[in-house]
Amino acid sequence: MANAAGMLWYVNNEYRKRLAQAQTSCGLLRELLRQWWAESDSARATHYALDEITALTDEHRHWRSQHYYDPAQNGRMVQGERDITRALSHFHRMRLAHIPRLQNLRAIFDQIERPNPQITQLSSGDDLWERALLALDDLTQFQDYLEALRAS
């Protein structure tokens, strides 16, 4: 069962990392657009995306408190085979519910006018618009990542 326990630990941490990246990227983009194009479709879409990602993050946090952590172990990950299997099963169901919401966010971004790249480009050369889209794609394609992980 060590493989399943390792998978549970890895799935939780990787998904949390991707949610945080999406939240950070959309948050930075929202603040930038708020300054330049407060009433634009891009600003509204970014605000909506950030709200939705925050809701997904809250759902993930709830999953962790209900299924990932062992209540008797003071914040430690569940250890029993049944508990690990149950946690992975609930994670899978949560992810299935997240996918259409993430696809909807991406579709919204694909339909609206992209802000001028001169506004969204950072001095480092990164583009906040592109970074936010990549973060959404990483979350949406998380299942592909898991399948590649299982195959290796």
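Every condition in (1) at pLDDT 90 or above; (2) surrounded by 12 or more Cβ atoms within 10 Å (Cβ to Cβ); (3) farther than 20 Å from Leu139 by Cα holds for Phe109 except the one numbered (3). Does Tyr145 count as in contact with a Lys or Arg (Cβ under 8 Å, 6 or more places away or on another chain) and surrounded by 11 or more Cβ atoms within 10 Å (Cβ to Cβ)? So Tyr145 does not fit the description; no. For the stretch 3-34, the set of residues classified as polar (S, T, N, Q) and buried (at least 17 other Cβ atoms within 10 Å of the Cβ) consists of Asn12, Gln21, Gln23, Ser25, listed by residue number.
Pairs linking a residue in the stretch 131-146 that is free of Cβ contacts under 8 Å to residues at least 24 places away in the same chain to a residue that is of a type in the set (Val, Ile, Thr) and exposed (fewer than 14 other Cβ atoms within 10 Å of the Cβ), with Cβ atoms under 6 Å and 6 or more positions apart or on different chains, do not occur. Within the stretch 83-97, the set of residues being more than 11 Å from Leu8 (Cβ to Cβ) and buried (at least 16 other Cβ atoms within 10 Å of the Cβ) comprises Met94, Arg95. Of all residues in the stretch 108-129, those satisfying the criterion of being part of a helix (DSSP H, G or I) and in contact with a strand residue (DSSP E or B) (Cβ under 9 Å, 6 or more places away or on another chain) are Pro117, Thr120, Leu128, Trp129.
Before we move on, is Thr140 among the polar types (S, T, N, Q), surrounded by 12 or more Cβ atoms within 10 Å (Cβ to Cβ) and touching an Asp or Glu at 6+ places or on another chain (Cβ under 7 Å)?
Spelling it out, it is not the case that Thr140 is among the polar types (S, T, N, Q), surrounded by 12 or more Cβ atoms within 10 Å (Cβ to Cβ) and touching an Asp or Glu at 6+ places or on another chain (Cβ under 7 Å).
The values are calculated or read from the model by the stated rules, or taken from the named source; none is laboratory data. Everything numeric in this text was worked out from a predicted model, so none of it was measured. Cβ sites come from the backbone with ideal geometry, for glycine too, and all protein chains shown count toward neighbours.
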